[in-house]
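Nothing in this text is a laboratory measurement; each read-out follows from the coordinates by a stated rule. Because the structure is a prediction, the values reported are computed rather than measured. Quick reminder, even Gly has a Cβ in these numbers, built from the backbone with ideal geometry, and neighbours come from all protein chains shown.
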Amino acid sequence: MASGRRPCVLGVETSCDETGLALYCGERGLLAHTLHSQTDMHAQWGGVVPELASREHLYRLIPLTAQCLREAGLTLGAVDAVAYTAGPGLAGALLTGCGFAQALAYALGLPAVAVHHLEAHLLAPLLEDAPPAFPFLALLVSGGHTQLVAVDGLGRYRILGESLDDAAGEAFDKTAKLLGLGYPGGPQIQAAAARGRPGRYRFPRPMLDRPGLDFSFSGLKTAVLTCVRAEPDLAATLDDIALAFEEAVVETLMTKTLRALEETGCERLVVAGGVSANRRLRASLLGLATSHGVQVSFPRLAFCTDNGAMVALAGYHRLLAGEQTGPGFTVRPRWPLDTLAPPSNAVPVGDVEVPDR
Ligand code: KG4
Ligand code: ZN
């Protein structure tokens, strides 16, 4: 018998080196989330080792699910659907999450929902108080992607500009490596930059002199390399170089974002993906938004980088819109965001009810 209760979705994230689980419930929002980051394990190799990542996901999925349920004070009987990241990401890592989620859904007789990782990042600010309404402009800055996206609604995405080479996060990671800092590079560069002396170095702001909304970060990394090679005492200047690099990335992202806001006339800006955790970027975009009368939304720090909460939320919205994914272990390591479609038999949010069990 239908009770008017909205579904409770278990979200599973395994696209790269974070195993994330979460329970999102329409009635009460996010109930619990658990995460295991593999960064310490991969740090010794200087980057993610795909095979090790897949194995570690396998070890972690069941204990993290149990912990998540425990923290929510629920059992598997309370779960109405299982959502999982189906791409883009590392094939083996995606398969572990997909296999786990599909098997769990099958065993419990529940629907499974395949989630696009970038859609999940885009929707992450909706987990916060005062969530942004559609339409909005999104700056998506992660380890694999740097995109400016016009978001008109669920599944309605137009890519206005993107990186032609390295993603912003990738630039942070590669630059950290050549500075001899650890993995992942973003937090390491941020920490070094905080100690840096302003004005000692200046790196190019790539593609700012050209029209359009595309980015390019590989030249910036090369500029840092040239500077490092010419530096007789790197230890004494490393923090200054990190600061100049961070300033160049942030100014480039800011300028293109402002250009996109002006071109689209959008009054709401969402910033998501791992690099949106960067303090300088957050402060700069906040300042820009305030001075231009734009509402800016970020996920909380824990939900900037990969996590299960954003997957549970994206799965919840897809499920409400009538979507389910049939059984099978299909993942899409490459999956462009703008090939997503709005849900076909969309029903207004809140109209889907699940029976009491
Ligand atoms: O979204 P994410 O967790 O994974 C992908 O979907 O790629 O993003 C990871 C990226 C890494 O490149 C990492 O260096 C970067 O986000 N990152 C940061 C910061 N925290 C994470 N970049 C700059 N500043 C940070 N504080
Ligand atoms: Zn991500």
Under 20 Å from the Cα of K256 - aspartates and glutamates, other chains or at least 8 residues apart: D152, E162, D165, D166, E170, D209, D214, E246, E247, E267, D338
Dipole magnitude of the stretch 228-297 about its Cα centre (Cβ charges: Lys, Arg +1; Asp, Glu -1), debye to nearest 20: 320
Table column - 3J(HN,Hα) (Hz), the stretch 293-309, Karplus curve with 6.51, -1.76, 1.60, x for Gly and Pro: x, 10, 7, 10, 10, 10, x, 4, 3, 5, 9, 6, 7, 4, 7, x, 4
With Cα atoms, 0 to 90° folded angle of helix 91-108 axis to the chain main axis: 20
Residue-averaged [θ]222 nm for the chain, counting only DSSP H segments that reach four residues, each worth -39500 (n - 2.57): -13000 deg cm²/dmol
Centroid-to-centroid separation of the stretch 19-93 and the stretch 182-200 [C-alpha atoms, Å]: 29
R0 of 30 Å, Cβ-Cβ distance T290-L164: FRET efficiency to nearest 0.05: 0.45
Paramagnetic reach from R279 (point 7 Å along Cα→Cβ, amide N under 20 Å) across the stretch 240-260: 240-254
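Mean 1/r over all different Cα pairs, inverted: what Kirkwood radius does the chain give, in Å?
When all Cα pairs of the chain are included, the Kirkwood radius is 20.9 Å.
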Residue with peak Gaussian network fluctuation, the chain [Cα springs, cutoff 10 Å], from L21, L285, L179: L179
Cα convex hull of the stretch 1-53 - mean projected area over all directions, nm²: 4.8
Cα-projected label distance for E128 with T226, points at 7 Å along beta-carbon direction, nm: 3.7
Distance histogram for the stretch 1-120 (every C-alpha pair counted, 10 angstrom bins, percent rounded to whole numbers): 14, 45, 30, 9, 1, 0
Equivalent ellipsoid dimensions for the stretch 88-155 as semi-axes, Å, which come from the Cα gyration tensor, largest first: 27, 17, 9
Extension gain from W45 to D209, taking 0.36 nm per residue of separation minus the Cα-Cα distance: 55.3 nm
Max mean-square fluctuation residue, GNM over the chain, Cα-Cα springs under 10 Å, options L320, L225, L58: L225
Simple label model, 7 Å out from Cα along Cβ direction - L234 to R70, nm: 4.4
Burial ordering of E262, E231, fewest other beta-carbon atoms within 10 Å first: E262, E231
Counting DSSP beta bridges with both ends in the chain, the antiparallel % (nearest 5): 65
